[in-house]
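Heads up, the thing below is written out as structure tokens.
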Amino acid sequence: MGAFDEIRLAEARRMLGLAQTDDLSTRAELWLSQGVRSPSLELLAVSPDATPEESLRLLRAAAVELDLAFETPQAARTYSIQASLPSLTSMQGVGEITDYSNGMTDALERRLRRLFRRRR
């Protein structure tokens with residue numbers, strides 16, 4: 001998987017609430033070393049102590065700058081699942097399936113809670 005594919009997958013996972021931020025700065029350095037150029041990606045690479053929220057904001061900005069963003073969560077989910085298919089049959093895949101399921105369930109729960117709050 002190339003740098004652009006990895007960034008797009010990271011953005012898809014960010015949209016789905018599945019992003020891992022602990023190594024995002026290191027991954028940004030790697031993507032830059034592979035020739036990807038983006039002001040937000042450069043800032044992310046030099047911000048190892050950024051908060052998870054700030055790291056995700058910079059990832060989102062980089063995806064937009066590189067035209068790798070998704071228009072809908074459904075498009076992000078489809079891309080993420082297709083990119084993960086080769087590993088889904090492994091033991092690690094079981095964990096990824098659980099992550100997808102939990103991410104979708106959490107998103108649905110948040111939406112339902114907002115809906116019911118408005119009805120009160």
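Bear in mind that the values in this text are calculations on the coordinates, not laboratory data. As the structure is a computational prediction, the values presented were derived from the model and not from experiment. Note that each Cβ is placed from the backbone with ideal geometry, even for glycine, and that neighbours are counted across all protein chains shown.
Below is a table of values for the structure above.
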{"read-out": "Cα long-axis angle, helix 3-15 against the chain (0 to 90 degrees, to the nearest 10)", "value": "30"}
{"read-out": "Distance between modelled label sites at E71 and R111, nm, 7 Å Cα→Cβ extension", "value": "1.8"}
{"read-out": "Value of [θ]222 nm, deg cm²/dmol, for the chain, DSSP H segments ≥ 4, -39500 (n - 2.57) each, nearest 500", "value": "-23000 deg cm²/dmol"}
{"read-out": "Listed candidates (1) 15.2; (2) 16.9; (3) 14.7 - label of the one calculated as Kirkwood radius over Cα pairs in Å", "value": "(1)"}
{"read-out": "Spin-label model distance (nm) - I97 vs L85, 7 Å beyond Cα toward Cβ", "value": "1.6"}
{"read-out": "Relative contact order (%) - criterion: Cα under 8 Å, at least six apart; region: the chain", "value": "32"}
